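Here is the structure we will look at, set down as structure tokens.
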């Protein structure tokens, strides 16, 4: 093992600080719930959260006061409905106001790719004919192609202070393997100044199949072995999505009191992710 391998509590304490821009990526699966909960336990404040598809873990972080801004392309409880803590922050400023920077999926992916390439902005045609430019004038501009004269949308590059991912495996050197639906995880990692990864297990050798990629150890600041670290989302090859959890969250999050009580019991009241899994009755 190398110095990159460390407990999640230490990795968050070292690399995630108040006021940072933090991306917790994951597209339908490999969502880093364990890391999000540890950020809540450590009571980080003033974060700008970034993610293509914020769902329950961002609802929890926003409701617990971690974030003052959100850059995203779609937000909701997939298959269920709204994120009630996100809506409460936007509509009623509870627990405090939340600024939003809204884009399309393609726009967010292009912004990550620009950040990964070291470019100041991304370009795409996809915003033509939409209201995104009017709704987000500060972040959606236009440029004219010097070769064709075509007007294209221009979006500022995303360069998170920290990108946090969950993955299936890492090896002893700290190389990390992700497989399955990877979304913009690779681009988010390459765009970030610091990368922290939680993994299901540490293995002797990585074997990357089709539709997989490896983040090299030199790009990773910390690797944390956290079995079940994506629960209640799923980790391909390890455990399925807990659909009942997503359905139950709708009622829990609708009311400020029930939300706060649930978070105090299951997140603030547990020492780590293993304790969280026991608290909600999930298998580790």
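The values are calculated or read from the model by the stated rules, or taken from the named source; none is laboratory data. The structure presented is a predicted model; accordingly, all values stated were derived computationally and were not measured. Neighbour counts are summed over all protein chains in view; Cβ atoms, including those assigned to glycine, are modelled from backbone coordinates with ideal geometry.
Just one of the listed residues (228, 237, 269) is surrounded by 15 or more Cβ atoms within 10 Å (Cβ to Cβ) and in the same structural domain as residue 63 (by TED's automatic domain parsing), and it is 228.
Looking at residue 188, is it touching a helix residue (DSSP H, G or I) at 6+ places or on another chain (Cβ under 6 Å), modelled with pLDDT of 95 or more, over 28 Å from residue 76 (Cα atoms) and surrounded by 19 or more Cβ atoms within 10 Å (Cβ to Cβ)? When the stated conditions are applied, residue 188 does not pass them. Determine, yes or no, whether residue 85 is over 11 Å from the mean Cα position of the chain (by Cα), in a helix (DSSP H, G or I) and either under 27 Å from residue 277 (Cα atoms) or at pLDDT below 95 (or both). Spelling it out, residue 85 is indeed over 11 Å from the mean Cα position of the chain (by Cα), in a helix (DSSP H, G or I) and either under 27 Å from residue 277 (Cα atoms) or at pLDDT below 95 (or both). Within region 89-122, the set of residues being in contact with a helix residue (DSSP H, G or I) (Cβ under 7 Å, 6 or more places away or on another chain), at pLDDT 95 or above and outside any loop (DSSP other than H, G, I, E, B) comprises 89, 100, 109, 112, 113, 115, 116, 121, 122. From the set of residues in region 272-283 that are without any contact (Cβ under 8 Å) to a residue 60 or more places away in the chain and surrounded by 13 or more Cβ atoms within 10 Å (Cβ to Cβ), which is nearest to residue 239 (Cα to Cα)? Here the residue is 282. Screening residue 17 with (1) under 13 Å from residue 86 (Cα atoms); (2) part of a loop (DSSP other than H, G, I, E, B) gives one miss only, at (1).
Residue by residue, here is whether (1) over 15 Å from residue 23 (Cβ atoms); (2) buried (at least 17 other Cβ atoms within 10 Å of the Cβ); (3) not assigned by TED's automatic domain parsing to the domain that holds residue 21 holds:
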| residue | (1), (2), (3) |
| --- | --- |
| 116 | no, yes, yes |
| 126 | yes, no, yes |
| 130 | yes, no, yes |
| 144 | yes, no, yes |
| 178 | no, yes, no |
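Scanning region 48-74 for residues that are at pLDDT 95 or above, part of a loop (DSSP other than H, G, I, E, B), over 17 Å from residue 164 (Cα atoms) and touching a helix residue (DSSP H, G or I) at 6+ places or on another chain (Cβ under 8 Å) yields one hit, 64. Between 65, 46, the distinction of being without any contact (Cβ under 8 Å) to a residue 60 or more places away in the chain, farther than 28 Å from residue 241 by Cβ and surrounded by fewer than 20 Cβ atoms within 10 Å (Cβ to Cβ) belongs to 46 only. Restricting region 1-31 to residues that are under 17 Å from residue 158 (Cβ atoms) and surrounded by 24 or more Cβ atoms within 10 Å (Cβ to Cβ) leaves a set whose member that is modelled with the lowest pLDDT is 26. Every test in (1) under 30 Å from residue 223 (Cα atoms); (2) outside the structural domain of residue 73 (by TED's automatic domain parsing) is passed by residue 193 save one, and that test is (2).
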